[in-house]
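The values are calculated or read from the model by the stated rules, or taken from the named source; none is laboratory data. This structure is a prediction, so every number in the text was calculated from the model and none was measured. Ideal geometry is used to build each Cβ from the backbone, glycine not excepted, and the neighbour counts take in all protein chains shown.
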Amino acid sequence: MQTLTVDLADRSYPIYIGEQLLENAELLVRHLRAKQVYIVTNETIAPLYLPELIKRLEAYQVDTTVLPDGEAFKNLETLNQVFDGLLEARHNRTTTVLALGGGVVGDMAGFAAACYQRGVDFLQAPTTLLSMVDSSVGGKTGVNHRLGKNMIGAFYQPKAVIADMSVLESLPARELSAGIAEVVKYGLIADKEFFQWLESNMPELLAKDPKTLAYAVKRSCENKAKVVARDEREGGLRAILNLGHTFGHAIETAQGYGVWLHGEAVAAGMVMAADLSWRRGAISEDELKRIIRLLERAHLPVKAPANMSPEDFLRLMGVDKKVVDGRLRLVLLSQLGEALITSDIEQDLLQETFAACRADERDAPPGA
Ligand code: NAD
Ligand code: GLY
């Protein structure tokens, strides 16, 4: 097992990365404050991993909410099931909410923990690659609103992240690829050497080679922890973690939550951000092609949906959380391996990017 730390003074916490961690009773109880645990998971993950986990916590009062599966249920209405369950089973302020699942479960359980009795302890046990490398680390929690992604939420840090790599065995290939999008993101925004490593190791990553996966998770978490430690509440720097997300969130909202996976939308969005960066002269054409090629090799979409016009993008991007005083801000590349945040966006170049990155009507959408 490897242990990293998210350094946030008195709210610092460990990220454990290793095999069979959910079977390690000592590790599981290490961060429990009292005798109550409330597990939030979903109907896909529950039959795979919930019974074993409950077995390891036999000395505790364990109650659970099994949510319906999918981004479409990441809303306040569904979240109420967790509050109902917590209250019905009389969980008190010393309980610990444990999120067993991907980013949807983690974001929802974290937000429930932030709100329940004004805040109870919270553990992340991520089960997708995406949640291991991104959503379980850094304390962003929340739900979607029909008018925008992740619009209702809170910054609320977990007490620990337990990334049990063995659970990735059951993760479908499409979901693995979606996670790889966020892994590639770290190479693009902060770690050129990692980008090059990914160019050399993509087949092993797609084949779920344990050593390759563990290295990718560790290096991604190191990159994320570094940024979060410097700017926990996204006063500035942390926004670089959203490379491709402004375009991507617009795609997710326009297509209907869950139609494009989050990582797929981020992949197409990162290509749009890279394309605009190339048009501004920040990266070379060869580097743009390398970025597109790497994402294609990860079986990710590299074009925006054919049914989205530039006007659709601009309208939906206007509700992005990075908008300040009505001005759109975008994360772009200043070079390969370095990002910048700017509201100085050349509208003509942006229009060129929309045109260049739009899929053909005949292209199959992701998952088809
Ligand atoms: P997800 O949670 O929907 O999980 C993907 C699918 O895989 C689901 O069907 C799930 O049931 C299934 N699954 C999960 N683990 C499995 C396993 N081990 N074996 C088999 N199936 C498994 O999606 P995700 O990609 O993990 O997360 C996406 C969400 O994360 C989005 O809502 C996004 O907004 C959010 N997100 C949040 C942050 C953050 O900082 N909080 C960062 C990135 C993404
Ligand atoms: N996923 C973006 C962030 O955590 O800030």
Among residues of the range 109-160, those that are of a type in the set (A, V, I, L, M, F, W, C) and within 23 Å of Phe247 (Cα to Cα), counted: 11
Matching entry among Glu264, Glu252 (being within 14 Å of ligand 1 (Cβ to nearest atom) and at pLDDT below 95): Glu252
Set Leu100, Leu87, Leu79: member being modelled with pLDDT of 95 or more, surrounded by fewer than 14 Cβ atoms within 10 Å (Cβ to Cβ) and aliphatic (A, V, I, L, M): Leu87
Residue check for Val228: part of a helix (DSSP H, G or I), aliphatic (A, V, I, L, M), in contact with a helix residue (DSSP H, G or I) (Cβ under 9 Å, 6 or more places away or on another chain) and within 16 Å of ligand 1 (Cβ to nearest atom): yes
Residue within the range 192-209 that is touching a Gly at 6+ places or on another chain (Cβ under 8 Å), assigned to a helix (DSSP H, G or I) and hydroxyl-bearing (Ser, Thr, Tyr) present: no
Subset of the range 284-302 [buried (at least 16 other Cβ atoms within 10 Å of the Cβ), closer than 15 Å to Ala359 by Cα and either of a type in the set (D, E, K, R) or in contact with a strand residue (DSSP E or B) (Cβ under 8 Å, 6 or more places away or on another chain) (or both)]: Pro301
Test for Glu182: is it surrounded by fewer than 18 Cβ atoms within 10 Å (Cβ to Cβ), within 9 Å of ligand 1 (Cβ to nearest atom) and part of a helix (DSSP H, G or I): no
Tally, over the range 36-55, of residues that are closer than 17 Å to Ala160 by Cα and either more than 16 Å from ligand 1 (Cβ to nearest atom) or without any contact (Cβ under 8 Å) to a residue 24 or more places away in the chain (or both): 3
Unmet requirement for Leu28, which otherwise passes all of (1) more than 16 Å from Val161 (Cβ to Cβ); (2) in contact with a helix residue (DSSP H, G or I) (Cβ under 7 Å, 6 or more places away or on another chain): (1)
Test: Lys149 is out of contact with any strand residue (DSSP E or B) (no Cβ under 6 Å at 6 or more places or on another chain), farther than 16 Å from Asn42 by Cβ and buried (at least 21 other Cβ atoms within 10 Å of the Cβ): yes
Failed condition for Asp344, given (1) under 19 Å from Glu252 (Cα atoms); (2) surrounded by fewer than 17 Cβ atoms within 10 Å (Cβ to Cβ): (1)
Any pair with Cβ under 7 angstrom, 6 or more apart, that starts in the range 215-244 at a residue that is of a type in the set (Lys, Arg) and ends at one that is assigned to a helix (DSSP H, G or I) and away from ligand 1 (no atom under 13 Å from the Cβ): Arg219/Phe194; Arg230/Leu237
Residues (on the phi < 0 side of the Ramachandran plot and in a loop (DSSP other than H, G, I, E, B)) located in the range 240-296: Leu243, Val259, Leu261, Arg280, Ala282, Ile283, Ser284
Filtered residues of the range 130-171 (kept if near ligand 1 (Cβ under 9 Å from one of its atoms) and over 17 Å from Leu100 (Cα atoms)): Asn144, Lys149, Asn150, Gly153
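Based on this model, can you work out whether Ile152 counts as touching a helix residue (DSSP H, G or I) at 6+ places or on another chain (Cβ under 8 Å) and away from ligand 2 (no atom under 15 Å from the Cβ)?
Yes: the conditions hold for Ile152.
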